[in-house]
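These notes are about the structure you will find just below.
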Amino acid sequence: MAKLIGGLATSHIPSIGNAIAKGLQQDPYWKPFFDGFPPIRAWLEEQKPDVAVVFYNDHGLNFFLDKMPTFAVGAAAEYHNADEGWGIPTLPPHRGSPELSWHIINSLIDQEFDVVTCQEMLVDHAFTVPLKLFWPQEACPVLTVPICINTVQFPLPSAKRVYALGKAVGAAIQSWKSEQKVVVLGTGGLSHQLDGERAGFINKDFDLKFMQSLQSNPEWATQYSIHELVEKTGTQGVELLMWLAMRGALSTGGSGVRTVHSNYHIPISNTATGVMALEQVD
Ligand code: DHB
Ligand code: FE
């Protein structure tokens, strides 16, 4: 069976793409953010996963407000990036793993998650920037399976439902008849609000409690409704649902995972940034 080695989570701000393109990692503004990544890259170098299953939210590149699936799974051989208007370089396509995609899709439908399947899917900064952060080399060494969760247009899926989706994806990966190693990613958050009266809103206390909960009490955030999460983390802070999906895919209980490394830094652009790597230990 395939081996699920652990989970990664990070914020996915477009301006990070520009900082990477311009080589600003050591710049005083960027250094405290980029310094969170080398220990995680060293772990990835050791573990050498073959495939990354990526929970992220599209921001209008592939799905627009007229057609908005709650959950969508990519099933393509490759995924193209395109100009979103942020002024960041468009990246070459990422290689897919249609075999794992279809296994996950079949397994999810079996587990009563009726997902949209996408044999063509553009991937935005929420997919491309995190992959570049974890694997900065020219050619990304992992195959990918994108899983999109709507956090753009209400109604959004509840934290409880997203955690359950993560669990179902974890079960699917564990039942994949393959020798490959799989890592699960969640991208987005942490607290931020880009528009409206509370633009610039950040909640460090909540973010740190949330990060802590992923190690020791992964269901903690499922006590909150979407409206409570918006109140606590901002309208775009609900992207932390992606971290919850990632954690759902791993073992439950505090002893099931080991924190490889985590970092929290405020702000990058309008966002409280976090990064975390969890190793599956049982
Ligand atoms: C920013 C944050 C996001 O999550 C995003 O998708 C776009 C922009 C920001 O802080 O600039
Ligand atoms: Fe975002």
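The values are calculated or read from the model by the stated rules, or taken from the named source; none is laboratory data. Since we're looking at a predicted model, the values are computed, not measured. FYI the Cβ positions are ideal-geometry reconstructions off the backbone, even for glycines, and counts take in every protein chain you see. The accessibility values were calculated without ligands, DNA or RNA, using every heavy atom of the protein model including side chains. Shrake-Rupley method; radii C 1.70, N 1.55, O 1.52, S 1.80 Å.
Values as computed for the structure displayed
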| read-out | value |
| --- | --- |
| Any pair with Cβ under 8 angstrom, 6 or more apart, that starts in segment 125-146 at a residue that is open to solvent by 40 Å² or more (accessible area, probe 1.4 Å) and ends at one that is within 15 Å of ligand 2 (Cβ to nearest atom) and not β-branched (V, I, T) | K132/G17 |
| Residue within segment 187-203 that is open to solvent by 30 Å² or more (accessible area, probe 1.4 Å) and in a helix (DSSP H, G or I) present | no |
| Residue count, segment 46-56 (criterion: open to solvent by less than 10 Å² (accessible area, probe 1.4 Å) and either over 15 Å from T144 (Cα atoms) or out of contact with any Gly (no Cβ under 6 Å at 6 or more places or on another chain) (or both)) | 5 |
| Residue in segment 27-38 that is more than 16 Å from ligand 2 (Cβ to nearest atom), closer than 30 Å to R161 by Cα and under 17 Å from the mean Cα position of the chain (by Cα) present | yes |
| Residue match in segment 70-84 (condition: open to solvent by 10 Å² or more (accessible area, probe 1.4 Å) and in a strand (DSSP E or B)) | yes |
| Residue satisfying all of: in segment 147-177; within 15 Å of V53 (Cα to Cα) and polar (S, T, N, Q); most open to solvent (accessible area, probe 1.4 Å) among these | Q174 |
| Test: residue in segment 227-246 that is more than 16 Å from ligand 2 (Cβ to nearest atom), open to solvent by less than 10 Å² (accessible area, probe 1.4 Å), in contact with a Gly (Cβ under 7 Å, 6 or more places away or on another chain) and closer than 20 Å to I173 by Cα | no |
